[in-house]
Amino acid sequence: MAERQPRLRVLYSFPHPLGSPGIGRTAWHQVDELVAAGHEVRVVTTRLAGPPPPGARVTTTLSTLPARAVGRRLGVDRVMAWNDARAARVLGRAPGSYDVVHTWPAGGLRTVRAANRHGVASVRELPNTHTAHAYEVARAAAHDVGVALAATSSHAFHGPRLARELMEYAEATALLAPSDAVAATFAERGFDARRVLRHQYGFDPRAFVPPPPAARPAGRPLRALFLGRAEPRKGLHLALRAWAASSASRDGVLTVAGAFVPGYREALGPLLDQPGVRVTGFTDRPADALAQHDLLLLPSAEEGSALVTYEATATGCVPLVSDASGAPTWAGRAPLVHPTGDWAALAADLDRLASEPALLEELRQECLRARELLTWRAGVQRTVEAYRRALELSGAPRA
């Protein structure tokens, strides 16, 4: 019988509302599964955007201010800095109470430094690629379609924020990369591979379930889905070019479900007007959208590890993705992956699946068999393994 590993005591610093859409849900699920696995978790977050993860101790740092007033009065950077200072203070009061500190971008430098002073291992989440890489790719993708990248975009160049994140990268014990695509951007910049630890995100099996077979009848024309923020970095223009070039567009349907950033819809022009393309806008029911389609198209130019690829796999909606999407793999297999920017390769994948319904069904069944490997519970098991590796590294000299 394998020896039972001791539980870990984790200080989890999250400088945004815990449970809010996007990374807020990622953080919530990580904390929830850590507690469910028997670990002790203290969360320091700006506020709760819903019920707290059961069993976690939660400190909110801005809950006394109205939500709408926080950003307007303080600004995002000051909010993150305030949360970081509070988390560092929590650690400083009882450093012996924690084994690992888990921080997030641009809001964890003080906490990491406090951990270093007290000999506590620290890990820094990497929800995206190296920030300098992300800035470059987002700018190039916007230029490709003639759209100006809004100054308010999280991927618009921000010098002070980049400088702060570079210090977080350098000073944390280890970095948590949710995909090989993310890890590669750090290797390209000479980071010590020992400090870039792979872990995994996941999906909620209560929310994303396979539809009954009748929902996807055999022999019907392909139904493809683009689900996410409609911006150049996500590659919707590439998906539309591939769709136009593919035989799937003759009688199939491509649904675009997502809010457009300013100027992008206009830049796409005729690509959105082609036969079979439906623009439905933002949906707050992603599970239903995935259940109604055969394929997820996500030809992203840059991602961390897109949660929608886990959710699509869980419902049997086969992902067709770029190698920058950070889509999960299982048992040595992966969804259909094309080189980033190669919309012709994506068109070829669409042609193949349109003409080979048996292959589509085979891929769908592979997705469903992989469900249990891609839940948040499975993902957090890998996160805990990374924590333990960071504990080993915390006493080793940095290369």
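None of the figures in this text is laboratory data; all of them are computed from the coordinates on show. Since we're looking at a predicted model, the values are computed, not measured. Here the Cβ is made from the backbone with ideal geometry for all residues, glycine too, and neighbour counts use every protein chain on show.
Please report the net charge: other residues with Cβ closer than 9 Å to the Cβ of residue 53, K and R +1, D and E -1. Computed value for this residue: -2.
The loop-placed trypsin sites (Lys or Arg not before Pro) in the stretch 299-399, going by DSSP, that have at most 11 neighbouring Cβ atoms within 10 Å of their Cβ come out as 398. Taking a sphere under 15 Å around the Cβ of residue 277 and counting the other residues whose Cβ falls inside, with K and R at +1 and D and E at -1, yields a net charge of +3.
Measuring how big the chain is from its alpha-carbon positions, Rg and Dmax come out at 21.4, 65 Å.
Beta bridges per DSSP, both residues in the stretch 294-399: antiparallel share near 10 percent.
At an R0 of 45 angstrom, the distance between the Cβ atoms of residue 292 and residue 157 translates into a FRET efficiency of 0.70. Among beta bridges identified by DSSP and lying wholly in the chain, the antiparallel ones come to about 0 percent. Highest average first, the peptides 86-96, 281-291 ordered by how many other beta carbon atoms sit within 10 Å of their residues are 86-96, 281-291. Distances between placed amide hydrogens fall under 5 Å for residue 203 paired with 375, 376, all partners being 5 or more residues away or on another chain. Phi-derived couplings, Karplus 6.51 cos²θ - 1.76 cosθ + 1.60 at θ = phi - 60°, listed residue by residue for the stretch 33-44: 6, 4, 5, 4, 7, x, 8, 9, 10, 10, 9, 10 Hz, with x used for Gly and Pro. Tally Lys and Arg at +1 and Asp and Glu at -1 over the other residues with C-beta under 11 Å from the C-beta of residue 40: what net charge comes out? For residues surrounding residue 40, the net value is +3.
Phi-derived couplings, Karplus 6.51 cos²θ - 1.76 cosθ + 1.60 at θ = phi - 60°, listed residue by residue for the stretch 105-110: x, 6, x, x, 5, 5 Hz, with x used for Gly and Pro. With the convex hull of the Cα atoms taken as the outline of the stretch 213-373, the averaged projected area works out to 8.6 nm². Highest mean packing comes first when the peptides 266-272, 138-144, 239-245, 13-19 are listed by Cβ atoms within 10 Å, giving 13-19, 239-245, 138-144, 266-272. Summarising the amide proton neighbourhood of residue 196: residues at separation of 5 or more, or on other chains, whose placed amide H is nearer than 5 Å comprise 175. 3J(HN,Hα) along the stretch 24-32, derived from phi through the Karplus expression 6.51 cos²θ - 1.76 cosθ + 1.60 where θ = phi - 60°, amounts to x, 6, 4, 4, 4, 5, 4, 5, 4 Hz, with x in place of Gly and Pro.
The charge dipole of the chain, taken about its Cα centre with unit charges on the Cβ atoms of Lys, Arg (+1), Asp and Glu (-1) only, comes to about 1600 debye. In the chain, taking the dipole from charged Cβ atoms about the Cα centre, the farthest positive-side position among 59, 22, 355 is held by 59. For residue 282, the amide hydrogen comes within under 5 Å of the amide hydrogens of 258, 259, counting only partners 5 or more places away or on other chains and with H modelled in the peptide plane. Taken about its Cα centre, the stretch 265-399 carries a charge dipole of about 620 debye when Lys and Arg each add +1 at the Cβ and Asp and Glu each add -1 at the Cβ.
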